[in-house]
Amino acid sequence: MKASNTKNLPKIFVLRWGHRPKRDLRLTTHVALTARALGASGFILSDIEDEKIKTTLEKVVKNWGGPFHFEMGTPWKKVVKEWKAKGGSVVHLTAYGENIETSDVLQRIKALNRDILVIVGSQKVPGEFFSENVSDFNVAIGNQPHSECASLAVFLDRFFEGKELAKNFMGAKLIIIPQRRGKKVIRKVNSESEIRKEI
Ligand SMILES: C[S@@+](CC[C@H](N)C(=O)[O-])C[C@H]1O[C@@H](n2cnc3c(N)ncnc32)[C@H](O)[C@@H]1O
């Protein structure tokens with residue numbers, strides 16, 4: 001299998017704003033899983049804590065590998081302030097932004113070669129998110145409203161140019177061996193050197 005090399009590319013963290021525990025549990029979990037699977041290095045559930053999401057993410061990282069940073073409850077303003085202070089860029093995904101296909105916004109983001117905090121909303125986001133105090137770029141994955149999960153997936157895939165889809169995850173206990181048909185998963189028994197068992 002062709003190994004992926006996203007190592008030298010800037011790191012991307014995803015900030016999920018506006019999570020409503022009863023309503024958004026499944027979707028926020030999918031946003032976090034999408035972030036991990038498509039090459040982001042971390043996920044921040046801002047302003048609120050949800051133990052169910054933390055538990056799911058920890059379990060996925062334990063079984064399927066990492067590293068992947070998870071954080072919750074930190075106020076979004078603090079995250080953005082600290083991110084910018086460290087020299088990172090902030091990209092807000094919004095249907096109202098510069099179209100990723102018809103503008104040069106992705107080239108401008110890449111040209112900075114900085115780590116990126118990608119903000120996705122759920123409910124209507126604060127107007128401040130659009131301002132330059134918060135977002136260096138407002139990026140639209142097409143100018144039609146759809147989903148935070150879909151917009152994040154397309155952004156990550158375009159940013160990493162597909163390389164993230166071949167990424168190796170460190171310390172994985174479970175590894176899928178791609179098949180034309182059916183399922184093949186191997187489980188690492190203890191460490192790299194030990195025999196792998198098919199399950
Ligand atoms: C389901 S939308 C809800 C938006 C909300 N009704 C509003 O008016 O702001 C939730 C999130 O999905 C993302 N999103 C939806 N459509 C998008 C698009 N076309 N491009 C980029 N992001 C999008 C944005 O991050 C948005 O905050």
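The values are calculated or read from the model by the stated rules, or taken from the named source; none is laboratory data. Keep in mind that this is a model prediction, so the values were computed, not measured. Every residue, glycine among them, receives a Cβ derived from its backbone with ideal geometry; neighbour counts consider all protein chains shown.
Observations on the structure shown:
- Contacts under 6 angstrom Cβ, first residue in region 155-174 being under 27 Å from H92 (Cα atoms), partner exposed (fewer than 15 other Cβ atoms within 10 Å of the Cβ) and not β-branched (V, I, T), 6 or more apart: A166/K2
- Scanning region 7-34 for residues that are closer than 14 Å to E148 by Cα and free of Cβ contacts under 8 Å to residues at least 40 places away in the same chain gives L25, R26, T29, A32, L33.
- Test: residue in region 68-82 that is away from the ligand (no atom under 15 Å from the Cβ), assigned by TED's automatic domain parsing to the domain that holds A32 and of a type in the set (S, T, N, Q): yes
- Strands (runs of 3 or more DSSP E) completely within region 59-139 that count 1 or more residues being modelled with pLDDT of 95 or more and more than 16 Å from I12 (Cα to Cα): 69-72, 89-99
- Any chance E164 is more than 16 Å from the ligand (Cβ to nearest atom) and either among the hydrophobic types (A, V, I, L, M, F, W, C) or buried (at least 17 other Cβ atoms within 10 Å of the Cβ) (or both): yes
- Residues (acidic (D, E), modelled with pLDDT of 95 or more and in a loop (DSSP other than H, G, I, E, B)) located in region 146-199: E161
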